[in-house]
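**Student:** Here it is: the structure, laid out below.
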Amino acid sequence: MIRACTVDELPPGESVRIPGAPAVAVFHTEAGELYAIDDTCTHQDASLADGWLEGCFVECPLHAALFDLRTGVPTCLPAKEPVRTYPVLVDDGVVYVQGVAGEDAA
Amino acid sequence: MKRVAVVGASLAGVRAAQELRAQGYDAGIVLIGEEPHLPYDRPPLSKAFLAGTASPASLELLDAGDLASLALDFRLGVRATALEPSNRRVLLSDGGSVHADGVVIATGGRARTLPGFEGAHTLRTLDDAVALRSSLVPGVRVAIVGAGFIGAEVASTCRSLGLDVVVLEALAAPLAPVLGPSLAAVCARLHRDHGTDLRCGVAVAGMDAAGVHLADGSLVPADVVVTGVGMTPATDWLAGSGLKVGDGVHTDAGLVTSLPSVVAVGDVARYHAGGTGRRHEHWTNASEQAPVAVANLLAGRTTRTYEPSGYVWSDQYSGTLQLAGHPRPDDTLSYVDGDPASSSFVAAFQRDGETVGVFALNNAKLFNRLRRQALRRPATV
């Protein structure tokens with residue numbers, strides 16, 4: 001489990017990239033849900049944390065592949081492979097991502 | 001409709017087939033493809049596939065699950081040779097034919113060739129890429145005619161393979177009619193920063209075993225020559241069909257031809273909007289047109305019109321270039337972030353006080369924000 005950020009640092013509609021191998025992206029949807037997925041688009045090297053968040057989907061900033069944050073499954077081309085999803089925990093105002101080894105976000 | 005024939009098995013054709021199913025059409029779909037391969041994605045052909053880092057399997061547009069769920073009747077390795085609307089038939093090069101109540105024309109185009117350049121490589125198909133890749137052995141000198149997206153991407157890949165590359169461009173700067181002088185200079189800089197010998201304002205005369213001969217009589221020595229000078233829409237098979245063709249298949253603003261049972265999508269579709277005909281040769285366009293064309297085909301009339309996003313990307317050397325909107329080279333360009341000398345920037349095209357285009361080099365996040373805000377594009381549907 002790694003510490004991502006505080007809840008205050010991640011307002012609704014925002015995302016944060018946690019460096020590591022693999023890098024992970026954490027999203028806070030407008031509806032208030034928190035999701036964590038692998039940050040790198042499975043189609044081509046691009047950071048999904050830089051992508052456009054719409055509901056519980058994120059659009060890759062390069063080629064507009066759309067990933068479902070709940071499942072990691074792309075809903076359209078050009079991506080075909082899913083990204084991994086991770087459980088997110090909030091404890092005492094801090095957001096943690098489970099099941100990933102990585103550095104804490106700065 | 002009991003059967004729809006989709007003529008052309010590249011991205012536009014595949015997206016049309018997917019949209020037919022997504023929009024509830026559950027009868028027969030025949031997908032006709034001139035190439036023997038299952039549908040594949042073209043953008044990597046000039047990049048990772050040409051560099052040898054992407055396999056043919058990684059290009060496939062449909063996996064086993066897609067193939068099962070779409071239930072397509074493939075006719076691969078045959079070309080459509082004629083459309084007979086009165087008989088509702090598409091004739092095929094193997095002598096057979098397909099009876100269809102609806103037709104989606106997605107035949108794309110063929111790489112343009114230049115007189116005097118017999119033996120030069122072009123890059124449009126998987127087979128083209130395989131042939132070019134096999135000739136890119138260590139030590140060869142590569143000459144590329146044309147500094148558009150394909151020419152620039154091939155040059156970039158060849159440099160990554162350690163080859164000497166000369167790019168010969170007729171214009172004063174690469175892509176100047178699309179991007180305007182300032183951004184064209186950025187594209188030129190990318191070539192030069194990465195050791196490509198870019199020569200602009202050059203007229204080519206022909207090639208032989210020694211290399212490329214220029215109109216001024218000089219020789220550019222080369223072992224491998226690639227021409228990247230655009231494409232010609234594949235409409236020859238529609239002669240006699242009654243459909244209007246001429247730089248593509250003419251359609252209305254909803255991608256419907258003069259026959260309501262025939263629509264066109266992708267590179268070959270020349271749709272008319274605002275009094276002018278427009279055609280786009282982009283991946284995103286091929287993908288975005290399918291839902292509109294299919295909705296109109298199933299409705300039997302034009303119920304939706306096509307609004308192009310104008311989104312184009314190109315990966316060249318260390319740069320990812322992104323363009324959205326429909327700028328003209330004489331629009332006013334302003335740098336929203338960074339400047340043309342930086343390795344990352346975002347610029348906006350303005351006309352009559354309105355933002356009509358956004359361009360970015362290595363700044364996807366800001367690009368997408370501006371693209372949505374300034375161009376008022378709806379979110380992805």
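The values are calculated or read from the model by the stated rules, or taken from the named source; none is laboratory data. Please read all numbers here as calculations on a predicted model, not as lab measurements. Positions of Cβ are backbone-derived with ideal geometry, glycine not excepted, and every protein chain shown enters the neighbour counts. Note: accessible area is taken over every heavy atom of the protein model, side chains too, but ligands, DNA and RNA are not part of it. Shrake-Rupley method; radii C 1.70, N 1.55, O 1.52, S 1.80 Å.
**Student:** When only residues in the stretch B:317-375 that are crowded, with 17+ Cβ neighbours inside 10 Å and part of a loop (DSSP other than H, G, I, E, B) count, which is farthest from the other protein chains (Cβ to nearest Cβ)?
**Tutor:** B:331
**Student:** Please find, among A:45, A:68, the residue that is among the acidic types (Asp, Glu) and open to solvent by less than 40 Å² (accessible area, probe 1.4 Å).
**Tutor:** Values: A:45 fails: open to solvent by less than 40 Å² (accessible area, probe 1.4 Å).
Step by step, each of A:45, A:68 is checked, and only A:68 is among the acidic types (Asp, Glu) and open to solvent by less than 40 Å² (accessible area, probe 1.4 Å).
**Student:** While we're on this one: Looking only at helices (runs of 4 or more DSSP H) that lie completely in the stretch B:1-89, which have at least 3 residues being farther than 17 Å from residue B:128 by Cβ and within 14 Å of chain A (Cβ to nearest Cβ)? So that I can check it myself, show each step before the final result.
**Tutor:** Values: elements: B:11-22, B:48-51, B:56-59, B:64-70.
Qualifying helices (runs of 4 or more DSSP H): B:11-22, B:64-70.
**Student:** Do you know which residues across the stretch B:25-84 are in contact (Cβ under 8 Å) with a residue 12 or more places away in the chain, within 21 Å of residue B:134 (Cβ to Cβ) and of a type in the set (Ser, Thr, Tyr)?
**Tutor:** Hits for the stretch B:25-84 are B:40, B:46, B:58.
**Student:** I'd like the full set of residues that are open to solvent by 40 Å² or more (accessible area, probe 1.4 Å) and farther than 27 Å from residue B:24 by Cβ, limited to the stretch B:65-86.
**Tutor:** Correct list: B:77, B:79, B:81, B:84, B:86.
**Student:** Would you confirm whether any residue within the stretch A:74-84 is open to solvent by less than 30 Å² (accessible area, probe 1.4 Å), part of a loop (DSSP other than H, G, I, E, B), without any contact (Cβ under 8 Å) to a residue 60 or more places away in the chain and farther than 22 Å from residue B:66 by Cβ? Can you show your working first?
**Tutor:** To start, the set of residues in the stretch A:74-84 that are open to solvent by less than 30 Å² (accessible area, probe 1.4 Å) comprises A:74, A:77-79, A:83.
Now narrow it down to the ones that are part of a loop (DSSP other than H, G, I, E, B): A:77-79, A:83.
Restricting the remaining residues to those that are without any contact (Cβ under 8 Å) to a residue 60 or more places away in the chain gives A:77-79, A:83.
Narrowing the set further to residues that are farther than 22 Å from residue B:66 by Cβ leaves none.
No: zero hits.
**Student:** Here is a further query. Checking residue B:105 against (1) open to solvent by less than 10 Å² (accessible area, probe 1.4 Å); (2) within 14 Å of chain A (Cβ to nearest Cβ); (3) not hydroxyl-bearing (Ser, Thr, Tyr): exactly one of these is not met. Which one?
**Tutor:** Residue B:105 satisfies every listed condition except (2).
Okay, residues lined up against (1) outside any strand (DSSP E or B); (2) within 28 Å of residue B:44 (Cβ to Cβ); (3) open to solvent by 60 Å² or more (accessible area, probe 1.4 Å):
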{"residue": "B:159", "(1), (2), (3)": "yes, yes, yes"}
{"residue": "B:168", "(1), (2), (3)": "no, yes, no"}
{"residue": "B:178", "(1), (2), (3)": "yes, yes, yes"}
{"residue": "B:191", "(1), (2), (3)": "yes, yes, no"}
{"residue": "B:199", "(1), (2), (3)": "no, yes, yes"}
{"residue": "B:207", "(1), (2), (3)": "no, yes, no"}
{"residue": "B:226", "(1), (2), (3)": "no, yes, no"}
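**Student:** Taking the stretch A:60-105 only, how many residues are touching a Pro at 6+ places or on another chain (Cβ under 8 Å), modelled with pLDDT under 95 and under 23 Å from residue A:5 (Cβ atoms)?
**Tutor:** Residues meeting the conditions: 6.
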